[in-house]
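Enquirer: Below you will find the structure I want to go over with you.
The values are calculated or read from the model by the stated rules, or taken from the named source; none is laboratory data. As the structure is a prediction and not an experimental result, all values here were calculated from the model. Every residue, glycine among them, receives a Cβ derived from its backbone with ideal geometry; neighbour counts consider all protein chains shown. Accessible surface is based on the protein model in full, side chains and every heavy atom, while ligands, DNA and RNA are left aside. Shrake-Rupley method; radii C 1.70, N 1.55, O 1.52, S 1.80 Å.
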Amino acid sequence: MNTSRIEYPQERPRERLLKHGPKVLSTPELLAIILGTGPKGDNVINFCHSLLLQFGGIRALLNASSEELFDIKGLGQAKISQLQALKELSVRSLEEPLRTSNILNQSSIVKQYCIHQLGHLEIEHCYALFLNKAFQLIHTEPIAKGTIDQAQIYPRELVRTALRFHATYVILAHNHPSGSIEPSVADLQLTEHLGEALALLDIKLLDHLIIAKGKALSLAEAGHL
C-alpha cells in the first residue's frame, strides 16, 4: 500500500473549513481538525493520512478497539478518547430520529444505522433493535457473535431482553462477512423461528436486515416476513 505523503493546500484545514465549508476538505484534513496535532516531527495531516491507510478507512479507524489504537505511535489517551467520542456521536446522530419518531417512516435511516453498527465487522454478529408501541427505538443490543458464517441466536435470550425493555416490536440485523447480501435458507428459518418465539408473548418481529458490502437487505421488503 502506498504510504507516501500527500501535498495539501498551504491554508490550514480549520481556516478552509470556516471559509468554504467542510465538504472541500479531504478525510485526512477533517480528521486532522479533530486530533489537532501529530507525533513530534510529523505533520498532523500526513499522520491522519497514514492512520486511514493503516486501518483501511475512517469507518475501520473509528471502530478500532482501544488496544489497537494504543499500539499506534502518536495516539495517546487524549486522541483515542477523541476518536471514540467521534464514533459515539456518529452513532447517536443516527439513533436520534429513530428514538423520537415512528421508525416505520425511517427505513433508510434504520438501514444506515445497522450498516454503521455491523458493516465493518469481519465475524458474523446479530443485533436486535427493541421498539416501543409507538415504533420508536428504545434500545439496541448485540445478541449473538458467531463464526465467519454462522451466529448462534437463542430465542429465550432475545425474548428475555425484549421483556426487560418492555418492547412491543423487534428488528433484527446481522452481517454477512462473505459479502453476499442474499438471505440463506438458515436466515429465513431463523427469522421464522424467532418471530414465532416473540409472538408467544405478543411481541412482533417487524424486520430482519442483512448487512453486506455497505448495503442492507430487508427481509420484510423482500416478502419474507
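Enquirer: Alpha carbon centre of the range 101-124 versus the range 43-100: separation in Å?
Expert: If you average the Cα positions of each part, the centres end up 19 Å apart.
Enquirer: By its C-alpha gyration tensor, with a ≥ b ≥ c as the square roots of the eigenvalues, how is the range 15-62 shaped: rounded for a/c under 1.5, else prolate for a/b larger than b/c, else oblate?
Expert: Oblate shape, in that a/c is at least 1.5 and b/c is the bigger or equal ratio.
Enquirer: When the accessible area of the range 84-150 is computed with all protein chains present and a 1.4 Å probe, what percentage of it is carbon and sulfur?
Expert: 51 percent
Enquirer: Hey, what number do you get for the chain at 222 nm if only DSSP H runs of n ≥ 4 count, each worth -39500 (n - 2.57), divided across all residues, to the nearest 500?
Expert: About -13500 deg cm²/dmol.
Enquirer: Suppose a student asked you for the relative contact order of the range 132-225, using Cα pairs under 8 Å spaced at least 6 residues apart; what percent would you report?
Expert: 28 percent
Enquirer: Could you give the size of the charge dipole of the chain about its Cα centre, using +1 on the Cβ of each K and R and -1 on the Cβ of each D and E, expressed in debye and rounded to the nearest 20?
Expert: Dipole size: approximately 780 debye.
Enquirer: Over the range 167-225, average the accessible area per residue using a 1.4 Å probe and give it in Å², no decimals.
Expert: Averaged over the residues of the range 167-225, the accessible area is 49 Å².
Enquirer: Please name whichever of 114, 176, 210 sits farthest to the positive end of the charge dipole of the range 90-225, dipole taken about the Cα centre and charges placed at Cβ: Lys and Arg +1, Asp and Glu -1.
Expert: Among 114, 176, 210, the one farthest towards the positive end of the dipole of the range 90-225 is 114.
Enquirer: Kirkwood hydrodynamic radius of the range 66-225 from all distinct Cα pairs, in Å?
Expert: Over the range 66-225, the inverse of the mean reciprocal pair distance is 16.5 Å.
Enquirer: May I ask you to list the lysines whose Cα is less than 19 Å away from that of residue 40, ignoring any residue fewer than eight positions away on the same chain?
Expert: Qualifying lysines at Cα under 19 Å: 73, 79.
Enquirer: Can you give me the relative contact order of the chain as a percent, contacts being Cα pairs under 8 Å and 6 or more apart?
Expert: 13 percent
Enquirer: Using a 7 Å offset from the Cα along the Cα-to-Cβ direction at both residue 138 and residue 96, what is the distance between the two label points in nm, to one decimal?
Expert: Calculated label separation equals 2.4 nm.
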